[in-house]
Amino acid sequence: MDDKKYRQVRVLVVFFVGVIMAISLLRESFLLSTAGIVTGMLFLALARSKTSISLDEREKTIREKAANLTYAIFAPTIGIGAFLLLFPTHSGLSVFAKGEFYYLESLGMVFAYLALFLIAIYALSYHFLNKKYGGGGDEE
Amino acid sequence: MEVAVMKNKQNLSYDDENLSFRNKLKVFRAMHELTQEQLAEKIGVSRQTVNAIEADKYLPSLGLAFKIAKLFKVKIEEVFVCRGGTDES
């Protein structure tokens, strides 16, 4: 199976799983939705095992740049979001004093930990890749 | 000599803004009577990558550039031309 056929199969499987999920929602059946997801995953795994997927360098470069851009946008956004959600709570502004928006503090904490987690993963992966690609050696 | 700056279009790893890159891939491909699809298959990339290289929208890696030069049995400098920089000879 080539790459093009694999993509067509993937679209079909996603459509199939979507239909099953819609039916399971209407019938409120957890079992049906689980069965649909598991079946879809099995089909995809089987199709992938029969496919020779080749990723050329341009595709790799595009994915790297897209991941970089996603991180560059997402990490500061949730960091700033966390700050904006936590600061008013701790500064005692009247809008939060009544306790109506108490959940916002929890949301801010989740965002803050998520931002820290992202930064930690970036730092670890950078360190690992820097070593892998020969960085950090003593100058000869 | 007019120097074109293409740093926003290509996968450049150079900081020198005066470098410009051109390639004669389309010429060599025509000389060998290959379609983009056929060339892509021979060098192990997608047709879109060959198209992007010919349109000067993507700068191939060193390995790929050598593969292309080897396929056409020419030197790499005959396919890929770099102009500008500080040591232009």
Those residues of the stretch A:4-58 which are of a type in the set (D, E) and under 24 Å from the mean Cα position of the chain (by Cα), in sequence order: A:D56, A:E57
Which listed residue is more than 14 Å from every other protein chain (Cβ to nearest Cβ) and either within 22 Å of B:K75 (Cβ to Cβ) or at pLDDT below 95 (or both), from B:L12, B:L39, B:L19: B:L19
Across the stretch B:72-89, what is the number of residues that are within 26 Å of B:N18 (Cβ to Cβ) and assigned to a helix (DSSP H, G or I)? 4
Identity of the residue in the stretch B:49-59, more than 7 Å from chain A (Cβ to nearest Cβ) and of a type outside the set (K, R), that ends up nearest to B:F28 (Cα to Cα): B:E54
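Output the residues belonging to the stretch A:34-72 that are among the hydrophobic types (A, V, I, L, M, F, W, C) and either within 14 Å of another protein chain (Cβ to nearest Cβ) or under 30 Å from B:S61 (Cα atoms) (or both). Please lay out each step first, then the result.
Step one: list which residues in the stretch A:34-72 are among the hydrophobic types (A, V, I, L, M, F, W, C), which gives A:35, A:37-38, A:41-47, A:53, A:55, A:62, A:66-67, A:69, A:72.
Those that are among the hydrophobic types (A, V, I, L, M, F, W, C) and either within 14 Å of another protein chain (Cβ to nearest Cβ) or under 30 Å from B:S61 (Cα atoms) (or both): A:I53, A:L55, A:I62, A:A66, A:A67, A:L69, A:A72.
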So which residues in the stretch A:1-47 are touching a Leu at 6+ places or on another chain (Cβ under 7 Å) and either exposed (fewer than 14 other Cβ atoms within 10 Å of the Cβ) or closer than 28 Å to B:S46 by Cβ (or both), if there are any at all? A:R10, A:V13, A:I23
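Would you list the helices (runs of 4 or more DSSP H) that sit entirely within the stretch A:1-91 and hold 2 or more residues that are outside the structural domain of A:Y113 (by TED's automatic domain parsing) and not charged (D, E, K, R)? Break it down into steps so the answer makes sense when it comes.
Working: elements: A:3-27, A:30-49, A:57-91.
Output list reads A:3-27, A:30-49.
The values are calculated or read from the model by the stated rules, or taken from the named source; none is laboratory data. Predicted, not measured: the structure shown is a model, and the values here were computed from it. Every residue, glycine among them, receives a Cβ derived from its backbone with ideal geometry; neighbour counts consider all protein chains shown.
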